Amino acid sequence: MAGQDRTATTDWEGDLRSGKGEVSFDSSGAAGPLPVSFPSRFERAGGQTSPEELLAAAHAACYSMALSNILGSGGNPPERLETSATATLEPVEGGFGITKVRLVVRGTVPGIDEDQFLEAARQAEQGCPVSKAIAGNVELTLDAALAQPGA
């Protein structure tokens with residue numbers, strides 16, 4: 001499979017604190033323009049997004065795809081995977097940094113037990129391209145469990 005490029009663009013106007021921008025997904029056109037601003041990043045979202053939320057969205061999607069592939073390749077495709085990712089922005093030496101990403105996944109996967117699911121979840125954490133991109137730079141935690149039937 002050939003490499004793939006994906007492009008997003010931000011159009012920003014003004015200084016950091018009072019300025020504003022819009023993020024567009026150029027390659028797909030699937031979303032945008034999405035408003036972004038200093039208050040949406042450091043204070044309250046107010047219907048706008050932030051780089052950290054976009055990173056969290058990318059990680060949740062990437063991780064779900066990696067886990068689905070691992071489970072399916074093992075003969076147990078998931079009925080459903082619900083994955084959330086939370087990216088934490090906080091003060092670090094010299095400014096601010098994304099210091100943590102917490103993945104939480106609940107899966108409905110017929111034919112496997114909790115231990116098998118946890119092993120697949122750990123493999124997906126290691127193999128997801130977004131996880132690989134942030135490895136060594138960000139504390140990554142994983143909370144994985146099979147969903148309770150009927151939940």
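Nothing in this text is a laboratory measurement; each read-out follows from the coordinates by a stated rule. This one's a predicted model, so the numbers in the text were calculated from it and none came from an experiment. We place every Cβ from the backbone using ideal geometry, glycine too, and count neighbours over all the protein chains shown.
Sites listed here are GluC sites (Glu not before Pro) in region 67-103 whose DSSP assignment is loop and whose Cβ has at most 16 other Cβ atoms within 10 Å: E79, E93. Taking region 105-148 and a reference point 7 angstrom along Cα→Cβ of N69, the backbone N atoms nearer than 16 Å belong to 120-134. Free of any trypsin sites (Lys or Arg not before Pro) that DSSP assigns to a loop and that have at most 12 other C-beta atoms within 10 Å, the longest stretch within the chain is 45-151.
When the Cα convex hull of region 54-140 is projected onto planes of every orientation, the mean area is 5.6 nm². Tilt of helix 51-73 relative to the longest C-alpha principal axis of the chain, in degrees (0 to 90, nearest 10)? Helix 51-73 and the main axis of the chain meet at about 20 degrees. Taking the DSSP beta bridges with both ends in region 51-146, the antiparallel portion is around 60 percent.
The coefficient of translational diffusion for the chain, derived via Stokes-Einstein from the alpha carbon Kirkwood radius under 20 °C and 1.002 mPa s, stands at 125 µm²/s. For region 1-52, the set of GluC sites (Glu not before Pro) satisfying both a DSSP loop assignment and a count of at most 11 other C-beta atoms within 10 Å is given as E43.
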